[in-house]
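A.B. asks: Can you keep this structure in mind? I'll have questions shortly.
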Amino acid sequence: MLLKIMILMETWTEIAAKLPINWNLFPTCLQFALWGLFSLLLAEVLRDSYHALCHQFTWLGKWHNKHHMAYRRDLSIVSPKVYQDSQLYNDMVESSLMIIILTIVAVLGRQWGLWLGVFYASTFLYGASVRHFQGKMDTDYNHTPGPLDTIPSTLWVNRTYHWRHHFDDVNAYYSGVFPLVDKILGTSLSLKGKSVAVTGASGALGQALVAELLKHNAKVIALTTNPDQLLTQPGLKVLAWELGNEEELKKSLEKVDILIINHGVNVYSDRTSTAIHNSYQVNTFSALRLIDIFGSTVTGPDAKATKEIWVNTSEAEVSPAFSPLYELSKRALGEIVTLKRLDRVCVIRKLILGPFKSQLNPYGVMSAPQVARAIIFFAKRDIRNIIVTINPLTYLLFPLKEFSTWLYYRFFSKAA
C-alpha cells in the first residue's frame, strides 16, 4: 500500500512538473479580482443609497412605499397583487438603476472585473422579475414570514435586521445584503423611541449616557441607588433599586428595549475579604443577575429584533487598572458575557472603556461626556465590542483575546 502511494505521488509530481505555469497571468488575475470586488461594493452602495434616498424624497418614496405596504408585522404579505406591484415599482426599478449605472462605470472604466458588478446586479433584477411575473417568494429571503428566531446579524443583513427597517424605524436599517451603508451613515441601530434603562445612572458616565440618549430621542429609565442625585427632565424616569434586589426590576425591564449595565465599584488597593466580596457582588454577580433577568424578558415574536444588553466590562479585561480586585471582577464579568453571547438570546454589546474621570477614577484622562458620545456613535454603527480608550494596545489585544476566548468557549461548552 505504501509503495502504491509513493508511486502515485511520483506520478503526480512528474505531471505537475510538465504543466507550464504562466506567472505573467497572476497580475492580470489579481487586477480582475480587485476590480470585481470594487464593483460588488459599488453595487451594494448604489442600491442602499437609492433606498436611503427613497426615504428622503417624497417623489421617490411614492414608489418605494409600495414595498412597505406589501407586508404585515409578521412579514406575511398583505395580498399577492400588492406584493407583485411592490416588486415592479420598487425592486425591479432599483435593480435596473443599478445595472445602468454599473454598466456605464464598466464601459468607462475599461476593466473586465467591473462587469462582475453588472452580473451581480442582474441577479437581483432576475429575482425581482420572477417574483413579479410569477408571484414566487423563493428568493425573497429577508421577508420570510413568521416569528423572528435569531438576533440581527452584524456581518450581513438577515431577516431580523431587515424587519427593523419595516417596523422599528423606517428611517434606518437601509442596507439590503451587507450593512456597509448603514455603518457609514450610523443607521445600523435606531435609538428613536427606544426604552433604555441605565444602571449606575447617578455616576459620571451614567449621567453622560442619559444626556446623550435623550438627545437621540430615546426614553430613558435611570436605575440608581442614589435617585436624589438626578434631576427630573422630559423623557427621563428615575427608578431606585438596591444591590441584591435585581429581581424586583423584572416587571420594569419587560418594557425596556435596551439595558445598559454600567454600575460598579473600585476598592483600589484594598484586598480584604470584605473588599473581595463587594467587588465581585457589585461588578460581577449583580451584573450577571440583571443579564439573566433581562434575558428572560426576551419573549414574543419581535423581541429578538429590539432587545439589547450593553455591559461596561472595562479596559481592565486586557489591561491593568492598578486596582487588582477591580481587574479581577471585571475580567470575570467579561469572560462570562463572552460565554453568554453564545446563546444569542439577544444582542449583547461590550463597552471596553479606558480611564475617564469619575468617582471611581478621579485620575481619568478622558471626560465622561466624550466617552458617552463615542459609545453612542459606535452603537449606531452596530459595533458589538465598543472600545473607547487612548491606549492603542487595547485595540490590538482585545479583539485577539475576545476571539480566542469565544472560540474556546464555543468548542468546550454547550447550551443547557
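The values are calculated or read from the model by the stated rules, or taken from the named source; none is laboratory data. These numbers were taken from a predicted model, which means no experiment stands behind them. Positions of Cβ are backbone-derived with ideal geometry, glycine not excepted, and every protein chain shown enters the neighbour counts.
A.B. asks: All but one of (1) touching a residue at least 40 places away in the same chain (Cβ under 8 Å); (2) of a type in the set (D, E); (3) more than 30 Å from F377 (Cα to Cα) hold for D138, so report the exception by its number.
C.D. replies: Only one criterion in (1) touching a residue at least 40 places away in the same chain (Cβ under 8 Å); (2) of a type in the set (D, E); (3) more than 30 Å from F377 (Cα to Cα) is unmet by D138, namely (1).
A.B. asks: Still on this structure, I have one more. Please return the ranges of helices (runs of 4 or more DSSP H) entirely within segment 53-153 where 2 or more residues are under 20 Å from L41 (Cβ atoms).
C.D. replies: It comes to 92-109, 115-134.
A.B. asks: When residues of segment 197-207 are filtered for being touching a helix residue (DSSP H, G or I) at 6+ places or on another chain (Cβ under 6 Å) and surrounded by fewer than 24 Cβ atoms within 10 Å (Cβ to Cβ), how many remain?
C.D. replies: The qualifying residues number 2.
A.B. asks: Looking only at segment 296-313, filter to residues that are over 19 Å from the mean Cα position of the chain (by Cα) and either modelled with pLDDT of 95 or more or crowded, with 24+ Cβ neighbours inside 10 Å (or both); which one of those is farthest from H143 (Cα to Cα)?
C.D. replies: Within segment 296-313, the match that is farthest from H143 (Cα to Cα) is S296.
A.B. asks: Suppose we filter T306, T313, T299 for residues that are of a type outside the set (D, E, K, R) and closer than 12 Å to L333 by Cα; which single one remains?
C.D. replies: T313
A.B. asks: Which pairs do you get when a residue that is at pLDDT 80 or above, found in segment 17-39, comes within reach of a residue that is in a loop (DSSP other than H, G, I, E, B), reach meaning Cβ atoms under 7 angstrom, with the pair 6+ apart or on two chains?
C.D. replies: W35/Q111
A.B. asks: Which number in (1) crowded, with 21+ Cβ neighbours inside 10 Å; (2) basic (K, R); (3) over 25 Å from A211 (Cα atoms) marks the one condition that K340 misses?
C.D. replies: (1)
A.B. asks: Let me ask you something else. Any residue in segment 223-238 that is touching a helix residue (DSSP H, G or I) at 6+ places or on another chain (Cβ under 6 Å) and surrounded by fewer than 22 Cβ atoms within 10 Å (Cβ to Cβ)?
C.D. replies: yes
A.B. asks: Moving on to the next point. In segment 329-359, what residues are more than 22 Å from K380 (Cβ to Cβ) and touching a Phe, Trp or Tyr at 6+ places or on another chain (Cβ under 8 Å)?
C.D. replies: Within segment 329-359, S329, A332, T338, L339, L342, P355, K357 meet the criteria.
A.B. asks: Let me ask you something else. Any chance segment 54-61 includes a residue that's surrounded by 14 or more Cβ atoms within 10 Å (Cβ to Cβ) and closer than 17 Å to G127 by Cα?
C.D. replies: Taking every residue of segment 54-61 in turn, none turns out to be surrounded by 14 or more Cβ atoms within 10 Å (Cβ to Cβ) and closer than 17 Å to G127 by Cα.
A.B. asks: A further question follows. Select the helices (runs of 4 or more DSSP H) contained entirely in segment 269-314, then report the ones holding at least 2 residues which are touching a Leu at 6+ places or on another chain (Cβ under 8 Å) and within 26 Å of R73 (Cβ to Cβ).
C.D. replies: 303-306
A.B. asks: In addition: Filter segment 372-416 down to the residues that are β-branched (V, I, T) and not in a helix (DSSP H, G or I), then identify the one that is surrounded by the fewest Cβ atoms within 10 Å (Cβ to Cβ).
C.D. replies: Restricting to residues being β-branched (V, I, T) and not in a helix (DSSP H, G or I), the top hit is I390.
A.B. asks: Take the residues of segment 138-158 that are crowded, with 16+ Cβ neighbours inside 10 Å and over 14 Å from the mean Cα position of the chain (by Cα): which is farthest from P301 (Cα to Cα)?
C.D. replies: D140
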